[in-house]
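The structure appears right after this line, and notes come after that.
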Amino acid sequence: MTTPGKSEKDRVVIFDTTLRDGEQCPGATMTHEEKLEVAELLDTMGVDVIEAGFPIASEGDFAAVNEIARRTKNAVVCGLARAGFADVDRAGEAIKPARRSRIHTFISTSPVHMKWKLQMEPQQVFEMVVASVARARNFTDDVEWSSEDGTRTERDFLCRCVEAAIKAGATTINIPDTVGYSVPEEYFALIKSVRERVPNSDQARFSVHCHDDLGMAVANSLAGVRAGARQIECTINGIGERAGNAALEEVVMAMRVRNDALPFWTGVDATMLTRASKLVAAVTSFPVQYNKAIVGRNAFAHESGIHQDGMLKHTQTYEIMQPADVGVKQTSLVMGKHSGRHAFAHKLEELGYRLAGNQLEDAFVRFKALADRKKLVYDEDIEALVDEEIATAQDHIKLVSLSVIAGTHGPQRATMKLDVDGKSAIEECDGNGPVDATFNCIKALVPHEAVLELYQVHAVTEGTDAQAEVSVRLSENGRAVTAKGADPDTLVASAKAYLAALNKLLARRARGSERRIHSTEAG
Ligand code: KIV
Ligand code: ZN
């Protein structure tokens, strides 16, 4: 089917091998059900060919390819086979139920592989190419032949094998960079020259299959496409043998975003890329690196103040694609030590706060101090900080500093400095534990009769650098006040909570005496 405005000659077939080359890498094994789930998603998102497994490898692989062949609605379902007849027949059996099926047969063609791995002469390899392709054609008209270690294969021999494979019935010719050794210019030249030199090359689609050992799998694949290949073999999240394969999400988005330089297109629905990445990461337990292109969790996250400021003014300042293009709901402004005032104010608005002037400035200063101590500042941290800022704005007693000595060789000792109605006072007290020492300082600095009724600590967010949120209840003359304090240091949070409660008591006392004065005046 031709999409309007897009020429069929520029259409690149996406051949996904997550379930074969991807699953083949150490630790990425998937269960039968997980393979079915991945295959269904690949089919829905518009992948053209799903390489579902290597049927002769195990009963499990056979069953998965067979079931995927039965269930897949749109994509071609492909089974891998070495050049031997047993492999080809097993693959042919496995793909039988598919609406559209392919056998992908391969053999090594490089001198090093032929000599050491296969221990075969080139002529024997050549004969196996012809025999395996012809055998595969008994099962399906769609046969792919791969020259394993193609980039290290002697060029004349490669061209002879390709020509013979096409003559024997191969409809796709894949020239893999099996060991991830090539560089883009070289790979471009290789694909171009094979296409030019092989007389019947126009009767097959050329395919690229690049490994990422030198981090060039995507660049090499795209170079191959520029040289005339029209199929890319790739995997979700780039999983695969050793350093992995070209990442599907990267090749698809490179051709979309840079269509001016790479004027090709695919049938993949890019808005499903994030979902596919998450699914494959979950079923393989292979985490996606945070800064992974397209699908890493930081791919659309901005922390630096300059970047956040730019993003808030115009998203194109720092984003070359919209998060929604790849199925991410929105850009996230990650609040951290590099965030500026603008982003902080924007975050507060998002959280429903309206701070202005000094209050906003004070909250920002405290946010910066927190971000210096904590890697990631979550929304909950900001809420705790701002709630406290609002609550403490009118306070008579403010915590200036606190240091505590604690540990196994008591006594625990706290040194605290407070600002009480604009005057600073300092005290040092011992206690039965660091919290007791801290609270003894407050009692010494601000003598009071209130009784501590409750002291509770919990973490605002997860992780060992999470903020502690402490609740304190003080009661005086039968009436209680409760207050909270938050800080990454539990003792500072405790002091803040106690002082907040004490400030509330003072405020209540003041309101009470005001009421008494009013009633005396009135009386
Ligand atoms: O990397 C490779 O050469 C392969 C072949 C089986 C195509 O995975
Ligand atoms: Zn491979």
Next item on the list: Report, in whole Å, the centroid distance computed from the Cα atoms of segment 29-50 and segment 366-435.
Entry: 53 Å
Note to self: If I fit a long axis through the Cα atoms of helix 184-197 and take the longest principal axis of the Cα atoms of the chain, what angle between them do I get, 0 to 90°, rounded to 10?
What the structure shows: 20 degrees
Next item on the list: Compute the long axis of helix 122-136 from its Cα atoms, compare it with the longest principal axis of the Cα atoms of the chain, and write down the angle in degrees, 0 to 90, nearest 10.
Entry: 80 degrees
Margin query: Give the aspartates and glutamates reachable from Lys73 as a straight Cα distance under 19 Å; neighbours fewer than 8 places away on the same chain don't count.
Written below: Asp16, Glu33, Glu34, Glu37, Glu40, Asp43, Asp48, Glu51, Glu93, Asp141, Asp142, Asp269
Check: What is the Cα centroid distance between segment 192-271 and segment 73-143, reported in whole angstrom?
Finding: 21 Å
Next item on the list: Round to the nearest 10 and give me the degree value, 0 to 90, for the angle of helix 490-522's Cα axis relative to the longest principal axis of the chain.
Entry: 40 degrees
Note to self: Leaving out ligands and nucleic acids, and using a 1.4 Å probe, what accessible area per residue does the chain come to in Å²?
What the structure shows: 47 Å²
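The values are calculated or read from the model by the stated rules, or taken from the named source; none is laboratory data. None of the values given here were measured: they were computed from a predicted structure. Surface accessibility is based on the protein's heavy atoms, side chains included, excluding ligands, DNA and RNA. Shrake-Rupley method; radii C 1.70, N 1.55, O 1.52, S 1.80 Å.
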